Structures are given as structure tokens and as C-alpha cells.
1. Only loop residues by DSSP count here, and only those with at most 16 other Cβ atoms within 10 Å; note down the GluC sites (Glu not before Pro) in the stretch 1-93 that meet that.
2. Give me the distance in nm between label points sitting 7 Å out from Cα along the Cα-to-Cβ direction at residue 410 and residue 391, one decimal.
3. (i) 140; (ii) 164; (iii) 348: which one is volume of the Cα convex hull per residue in Å³ as calculated from this entry?
4. At 222 nm, what helix-only mean residue ellipticity would the chain give, in deg cm²/dmol to the nearest 500, using -39500 (n - 2.57) for each DSSP H run of four or more?
5. Under 17 Å between alpha carbons, and skipping anything fewer than 8 positions from residue 315 in its own chain: which lysines qualify?
6. Only counting other Cβ atoms within 10 Å, I'd like 51, 466, 313 sorted with the fewest neighbours first.
7. Can you sort 86, 304, 69 by how many other beta carbons sit within 10 Å, fewest first?
8. Considering Cα pairs under 8 angstrom that are at least six residues apart, work out the relative contact order of the chain and quote it in whole percent.
Amino acid sequence: MNISIIGAGLGGLSIAALLASKNHDVSVFEKNANSGGKMNQIEVDGYRFDTGPSLLTMPFVLENLFRECGKELSDHIELIPLHPICKYFYPDGTIFNNFEDKSATINEIRSFAPEDAQAYFDFLNYAESLYGKTADAFIFNPLYDIRDLKQLDLLSFFGIDAFTTVSKRVDSKFRSPYLRKFFKRFTTYNGSSPFHAPATLNVIPHVEINQGGYYVKGGLYKIAEALQQLAVSLGVEFHFNTEIESIIIEEGQAKGIQLKNDKKIQSDLVISNSDATETISHLLPNSSVSSRKKQKAETIEPSCSGFVLLLGTDKTYEQLAHHNIFFSEDYEYEFQQIFEDKVMPDDPTIYIANTSYSDQGHAPAGGSNLFILVNAPYLSDHYNWEDHEQAYGDKIIRELEKRSLTDLSAHIRFRESITPQDFYEKYLSNKGSIYGTSSNNKFSAFLRPRNKSKDIDKLYFVGGSTHPGGGIPLVVQSAFNAMQLIERYE
């Protein structure tokens, strides 16, 4: 078959390689100048930054993809386990190094929350049990038609803890405010609020802590480069700086794509790695999708977005590990401001990826490359980034100076920021969101757009806005799900 893929994000790259390995003729059309989508990089003045994901979990999903295509992931990238996985800084000065080695972590916990040492073990066992009940039934299942639903175990469904929130379940398990805040933060991995998202998302600590979190030597963008190289080796053609005007629909079937230069590409299948809401709202002709369907797509709550500050410094901060989090004082109010008030938090939790800690070549000698991320509301009329971008960046720098990065402002040699407006303009993500759809109600995590259109034949979807969700492994899994459906229906 002749197949056109819209977008060279991780989902598009993954499905392109899978299809090409089955001897299909595959072409990928990407509006930007390079592959990777929101997984990107900036190199300037001796500093190198990943501007997208900074941690790889569930690497076996990527390994499975490469093996399916006749290659080995280890021949393309080197995975580096991190010690600690992440370092946490609390407002009162408490510091918590979280290790994959549980005995080392328990020694840390005993120093500031001895009452919760056993609860830490118990919670990770609970998280592992959630994974056992959700992985095969939901993550690795396309959940498209009745044959997929038959795989669901009703008893397991009622055991996935969907009827309370992440926050309430965590509070019921821990007495220490430190461990409560620690376990609530994992919900942000898919852009949701721990105070609204179902406790099912407590599966995420299992994925990071029990299964392990990894850095990729040279930077996470190496994953996108490896996937593109894999696809090219299998015969995939890439067309960069190429915008799509619309998907061609005839008699209820996707027949190709029309480029913004008016050129038409005839195709046997079309796969969109563009945001699913963007695809339905703007790439499908009005005649092919009902106004009700478009309205429904446009009212899907996006995940949160992010404000990114890239700082290249001429100083090394010894207190920083590779991954670092500086917690806010009032976590609940922070998420209220982001998701309900839709404004930037007054007191944000600040994440710093300092890859020069592990890759010294990512900053000039004696310097650091600090990727700083603060959760942000998706785009709305409540917050104008043109008015706030510089000032909010200054605010973050001042806060970090108070929190031990002394004289940070005096040591900055490179500074750039990325706002939710930038995420929308560059990647056409729904309202500038980073992680696709939010999971801020009981079942939204299980009701994401499926990997095959139910309204239009020969139209498929991949990426973080589709089932099973955002984050590197789930985006790659969306390609496996789409491939399974293609083989079923085509």
C-alpha cells in the first residue's frame, strides 16, 4: 500500500518504520524542518538542551519496535540508569534523593519521614498491582471494537482504583507531607492534576521507580534520530518543511492529503500524527465530519502545557543532580491556578534537567545547561504570554536563587524561553498542551481518541493525543495499536 503520514513526531516515526518493515510504501510529511515533534533539541554557544521529554521509561516498548523492524535498539542508543533518579527540594530545606535502589531510598526517608518508610514499600506494591491490571487490558490493547473489549476483566476493572483521586489515595497511605507531595507529582507526567485525576494514575511511580527511569547518552533527542534512521533504512521518504492543508475524503474514505502548495498526494491510507483535535477540527473537510463531532473534539480538555526556560550558565551547581524538583509550598493551590483559574501559579513547582551532570559535553567547561520547566495552563483568554513571558522567567530565576542556586542571574550566558503559545504555533497541539488529553476525570484516560477513525475508513491516528496516552513509551505504543488495527481492517 501507498501510505501518507502527517507529522514526524515519535508516533509518526514509529508507525512509519513498522509499516515500511511490512514492505509498504511510506511517505512522512512534516511542517517543521526536522523530526521528533515536541521531542527536539537546541544547540547554541556550546550548550545543548533537550526541549521535550527528559526521561525514558518502559524502554522495552522501544526495544520491541526496533526488533519488529529487524534491528536492535542498543545498536542505536545507549541507555544510562540514573543515581539518583531524581532529587527533590522541599520549601523547608528538606532534600530527598529518590533512588531505584529501594534500600538507599528508605535510608533517605528514615531521615525525614521515618513513619512512612514501610508505607513507601507498600505503595510501590500497590502501584505494581495497578500496572498488572491495566497494562494488557488498556495500554497494550487498542480498545477499538468488541473483540478488544472481550479482553477486559471486569473484576480487574473495578480494581484499578478509578473511583477516587490520586491525591485522596496518596493521603490515605502516607502521614508525612513530604511523601504525600512526592507521590502526587507523578500525575504531571501526563499533564493532569493529582487532585482530579483517578487514582489509577498511581501506576506511574511503578513505571519509573520499580521498572526504572533512564537517560539516553547524548540526549533524549537521540531517540528521534534513531527512529528516523530506522525508518529511512527501511525505505521511508521524509518531506520536511511541508504543511498539510487537508485530508482528502471521498465516499467516506481517506484518499490522500492536500499540501498547502495545492499539490495532492494520493494514498491508500492516511495516518495522522498531528494532534487528534487539530486533525478533526482543521484537517478534515466539513462535509466529512459532523459539526457535533467537531464540537466534541474541540471540547476535550487538553492536558496542561508548560513554560520552559533554557539557561546556559558559566557555573556548575554542585547541589543539582541530573533531574531535580523544587516543590511549591501549596501544591493544591498551584494546580487550582493551572487547571481552574488557568493562570500561571504564584508559587510554582520547578523542574530542572541538568544533563551536563551526566554529559559534560552539554555545556562549556565549568558551566551548566539548565532545562527548567514549570507546569502551565493550556492557552485561554485568562493569560496572555506576550505580556508575561519575560517577567515570569525572571520570577523563576529569583525563586531558584532563594532555593540555593545563589547568584544564578549573574552567571547566565544564554537564555531562551518556550511558552504554550510556542507549543501551539510550532506543533499545533490542542491549545498548546504538551501531553495531549488530560486525565482529570474518572474515565478520560480510557476514552482518548482511538487509533482508527470510526467515521472515516482508511484514516488512522497516532501520537500522545490518542490512545493510550502521552509520554515516549505510550506514544510508541500508539503506533503498535494502529498497526494492529491496520492489519485487522485493511
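Only the coordinates and a few stated rules stand behind these numbers; no lab work does. Computed from a predicted structure; not experimentally measured. Glycine also receives a Cβ, built like all others from the backbone with ideal geometry; neighbour counts cover every protein chain displayed.
1. Working: sites: 30, 43, 63, 68, 72, 78; in loops: 30, 72, 78.
Sparse-neighbourhood loop GluC sites (Glu not before Pro): 72, 78.
2. With each label placed 7 Å out from Cα toward Cβ, I get 2.7 nm.
3. Read-out from the structure maps to (i).
4. Numbers: 14 runs with 146 residues, N = 490.
Taken over the chain, the calculation gives -9000 deg cm²/dmol.
5. Residue 315 reaches 402.
6. On the way: 51 20, 466 29, 313 26.
Least to most surrounded, the residues fall as 51, 313, 466.
7. Working: 86 22, 304 25, 69 19.
The most exposed by this proxy come first: 69, 86, 304.
8. Details: 1026 pairs, mean separation 113.3, N = 490.
23 percent.
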